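In what follows, a single structure is set out as C-alpha cells and then discussed.
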Amino acid sequence: MGDILGKYDILGAFWVTIQLSVLSAIGSLVLGTIVAILRVSPVRVLRLIGTAYVTIFRNTPLTLLMVFSILGMSFILGLTISDDLSRNAYWWAVIALSVYHAAFVCEALRSGVNTIPAGQAEAARSIGLTFGQSLREVLLPQAFRGAIAPLGSTLIALIKNTTVAAVVLGTAEAAGLLAQITENEGASLATFFLFAIGFVILTLPLGILFTNMSRRLAVKR
Amino acid sequence: MSAETVLFDAPGPRARRRHLVLTILGVVIALGVLWLVLTKMASANQLEGYMWSPFVTDPEVWTQYLLPGLWETLKAAVLSVIFAGIFGILFGMGRLSANRWIRWLSGGVVEFFRSVPVLLMMIFFFFGWFADAAWLPNEYAPLFGVVLALTLYNGSVIAELVRSGVHSLPKGQSEAGLSIGLSPGQTLRLIQLPQALTAMLPALVGQLVVVLKDTALGTIILYPELLTAAKTLGSAYANTVPAYLVVAVIFIVLNYTLTRVARFVESWLKRRGHTSGPLTTTEPNIVQGGAEPGEPAAAGERMVAAAAHARRARRDDEG
C-alpha cells in the first residue's frame, strides 16, 4: 500500500478531478442557464432550440461525447485548443463535461421555475408589481429555491462523471490511474477503496450540504 | 400551469413584435450554427459521399458492425437492469427493515455504491478480477465487468427509489396492515411494497435510459458494445466522424423512445388509478434529481415535491 502511494501520484489525479469538476461546473451552469432561458421563453422557436439541445445531449452517452471530442473534433476536424496534446485533451474534457451537464442544469432550473404555482405570479401582478418587480421579488427567489436540490444532484453526478475523462486523459485522471495501478500491481481491494473513499469525501459533504440547504430554504406551501 | 404563463403576460402588440424579432433571430442563429458545422465538416472532407453511402448501400455496415454492437449494448443493459432490480428490492427492503443492524448495513452499502463512480468499479472489476479469472472464459470478462458495475450502482439507486416509494405511501396503509395483525415484515411485503413498486414502474423504465447510456463506458474495458462498434467501423471504412454521428443518433432515438415509454406507463398507471399513494416516482429525470447519473432525491418528501414539479413540467415539455 505504502509503495503504491509513493509510486503513483494519486493526490495529483484527484487534483485533476477537482479541477475538472470546478471548471465544468462553471461551464455547465452558464450554458445550462442560457438553455433554460431559451426553454422557458415565450418564443416558440427559442423553446424548440432549447428542447432540441436537451433532448440531444441528455440522451447521448458522455463517453461518446468524450471520444468524439478528441477523435472527431480535434483530430479530424482540426479544432484544437492547445498545441500540447494533454492540454488539448484536458480542455476538450472540460467542454464535453460542460455541454453534457448543461442539459441537466437546464432541467434542474426549469423544474425550479415549474414549482411556482400560477397564483404567485397572479398575486404579484394584482398587487401592482411590474413584470420586472414580480420576477425579481416573487418568482425568481422561489424558482431558485426549488432548483437547489436538483442542481446539487447534478453537481454530484458531474464530479463522478469526471472519471469518464480518463478516456481522453489517461492516467492523469483518477479512473485512468486506477486502471494503471490495477494492471501493474494486481488487484488490491485496498487501492480500490482508497479511490472510492476519495470520491465519497468529494461528494458526501456536498450531498449533505445541498439536502440541508434545500430543506432550510424550501418554500412553505 | 406552464412556465410560460407563470412568467409572462399574454403578449400585446409590442410584445408580439418583439417575439417576431426573436423568432427570426432564433431561426438565423440555428441556421448559422448548422451552416458552421457543415462548412467545417466540408472543409475537413467529412461530407464526401463515400463516407456516408455505406450506411445505405452496404448492408455489412449494419450486419457486421452496428447491429452486433447494438445487441451487446442491449444485452448488457437488460441484464444489468434485471440484476439491479433484484439488488434494489433486497437492499431497499433492508433499509426499511425493523432490525437496526440490517438497516444500517444496507444503508451503508447503498450509500457507498451510489457515491463511487461506475467507471471506477468497472475498471477495478475488469482489470482486477475478471480479466484474468481462471473460471471465466475470456470473452465474457468485459460483459461481467460491465454488468456487475452497473448492477451495483443502479441497484443502489433503485434501493433508494424503493425506500422513498414506500415512505411516500399514506401512513394509513402500514397502520391498516399492522392493525389486522400482520407483522411489520408482512406489512412491508404484502401491503407497502406492491404499491410502491407499481408507482415506481416509470422510474424503473427511466433508469433503463441511464443504464443504456452507461453501457457505453464498457468501451473502456474492451466490451464490444455500440461505441466500440463505431470505432472499428470508423477505421474499417475510414469514416470515423459519420460512424460516431450515426451511433449518437441511434442512442438518442433509443433513449428518447424509452423516456416516452416511461411517460406512457406513468399516465397509464394514473388512469388505472390503483395506487393509493401519490405517484411519487414520476418523471425519471427529475426524480433522479435532474441528473442522468441517477442521483435520486435524498428523501421521500422531496420526491413528492419532485413529482408535483414533474407533472407541471411535463405539460409544457413539448413547447
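The values are calculated or read from the model by the stated rules, or taken from the named source; none is laboratory data. It should be emphasised that the depicted structure is a prediction, and the values quoted were computed from it without experimental measurement. Note: ideal-geometry Cβ built from the backbone for every residue, glycine included; neighbour counts use all protein chains shown.
Only one of (1) of a type in the set (Lys, Arg); (2) touching a residue at least 60 places away in the same chain (Cβ under 8 Å); (3) over 22 Å from B:ILE220 (Cα atoms) is not met by B:ARG114, so which one is it? Result: B:ARG114 fails condition (3) only. A Cβ distance below 7 Å, combined with a sequence gap of six or more or placement on separate chains, defines the contacts here; from the range B:29-57, residues that are among the polar types (S, T, N, Q) reach residues that are surrounded by 11 or more Cβ atoms within 10 Å (Cβ to Cβ) and assigned to a helix (DSSP H, G or I) in the pairs B:GLN46/A:ILE76; B:GLN46/B:VAL241. For the range A:105-117, the criterion of being part of a helix (DSSP H, G or I), surrounded by fewer than 20 Cβ atoms within 10 Å (Cβ to Cβ) and aliphatic (A, V, I, L, M) is satisfied by no residue at all. A:ARG47 fails exactly one of the following numbered conditions: (1) in contact (Cβ under 8 Å) with a residue 12 or more places away in the chain; (2) within 14 Å of another protein chain (Cβ to nearest Cβ); (3) crowded, with 17+ Cβ neighbours inside 10 Å. What is the number of that condition? Condition (1) is where A:ARG47 drops out.
If you go through the range B:10-57 and keep only what is farther than 17 Å from B:PRO242 by Cβ, at the interface with chain A (Cβ under 9 Å from one of its Cβ atoms) and not in a helix (DSSP H, G or I), you end up with just B:PRO11. Considering the range A:183-220, the residues that are among the basic types (Lys, Arg) and exposed (fewer than 14 other Cβ atoms within 10 Å of the Cβ) include one that is nearest to A:GLY170 (Cα to Cα), namely A:ARG216. Checking each residue in the range A:178-205 for being more than 10 Å from chain B (Cβ to nearest Cβ) and either within 15 Å of B:PRO117 (Cβ to Cβ) or modelled with pLDDT of 90 or more (or both) picks out A:LEU194, A:PRO205.
Do you know which residues across the range B:101-116 are surrounded by 21 or more Cβ atoms within 10 Å (Cβ to Cβ) and either in contact with a strand residue (DSSP E or B) (Cβ under 7 Å, 6 or more places away or on another chain) or in a helix (DSSP H, G or I) (or both)? Residues satisfying the conditions are B:SER106, B:VAL110, B:PHE113, B:ARG114, B:SER115. Among the numbered conditions (1) assigned to a helix (DSSP H, G or I); (2) more than 8 Å from chain B (Cβ to nearest Cβ); (3) farther than 23 Å from A:GLY50 by Cα, the only one that A:ILE148 does not meet is (3). Residue-level check: of (1) within 18 Å of B:LEU119 (Cα to Cα); (2) surrounded by fewer than 16 Cβ atoms within 10 Å (Cβ to Cβ), A:GLU137 misses just (1). Number of residues in the range A:30-44 that are out of contact with any His (no Cβ under 9 Å at 6 or more places or on another chain), more than 10 Å from chain B (Cβ to nearest Cβ) and buried (at least 19 other Cβ atoms within 10 Å of the Cβ) equals 1.
Does A:ARG125 meet the test of being in contact (Cβ under 8 Å) with a residue 12 or more places away in the chain, within 11 Å of chain B (Cβ to nearest Cβ), part of a helix (DSSP H, G or I) and on the phi < 0 side of the Ramachandran plot? Here the answer is no, as A:ARG125 does not meet what is asked. Considering each residue of the range B:208-240, count those that are assigned to a helix (DSSP H, G or I) and of a type in the set (Phe, Trp, Tyr), and give that number. Result for the range B:208-240: 1. Within the bounds of the range B:8-20, is there any residue that is touching a Lys or Arg at 6+ places or on another chain (Cβ under 9 Å), touching a residue at least 40 places away in the same chain (Cβ under 8 Å) and over 30 Å from A:SER69 (Cα atoms)? Scanning the range B:8-20 turns up no residue that is touching a Lys or Arg at 6+ places or on another chain (Cβ under 9 Å), touching a residue at least 40 places away in the same chain (Cβ under 8 Å) and over 30 Å from A:SER69 (Cα atoms).
For the range A:54-75, state whether one or more residues are touching an Asp or Glu at 6+ places or on another chain (Cβ under 8 Å), part of a helix (DSSP H, G or I), among the basic types (Lys, Arg) and at the interface with chain B (Cβ under 10 Å from one of its Cβ atoms). Looking through the range A:54-75, at least one residue is touching an Asp or Glu at 6+ places or on another chain (Cβ under 8 Å), part of a helix (DSSP H, G or I), among the basic types (Lys, Arg) and at the interface with chain B (Cβ under 10 Å from one of its Cβ atoms). Residue count for the range B:117-145 satisfying the condition of being out of contact with any Phe, Trp or Tyr (no Cβ under 9 Å at 6 or more places or on another chain) and in a loop (DSSP other than H, G, I, E, B): 3.
Condition test on B:LEU201, is it touching a helix residue (DSSP H, G or I) at 6+ places or on another chain (Cβ under 6 Å), surrounded by fewer than 24 Cβ atoms within 10 Å (Cβ to Cβ), within 25 Å of B:ARG260 (Cβ to Cβ) and of a type in the set (A, V, I, L, M, F, W, C)? So B:LEU201 passes the test.
Can you say whether A:TRP15 is in a helix (DSSP H, G or I) and surrounded by 17 or more Cβ atoms within 10 Å (Cβ to Cβ), as far as the supplied structure shows? No; evaluated as a whole, the condition is false for this residue.
Does A:ALA157 satisfy the condition of being at the interface with chain B (Cβ under 7 Å from one of its Cβ atoms), within 18 Å of B:PHE125 (Cα to Cα) and without any contact (Cβ under 8 Å) to a residue 60 or more places away in the chain? Taking the combined requirement at face value, the residue does not satisfy it.
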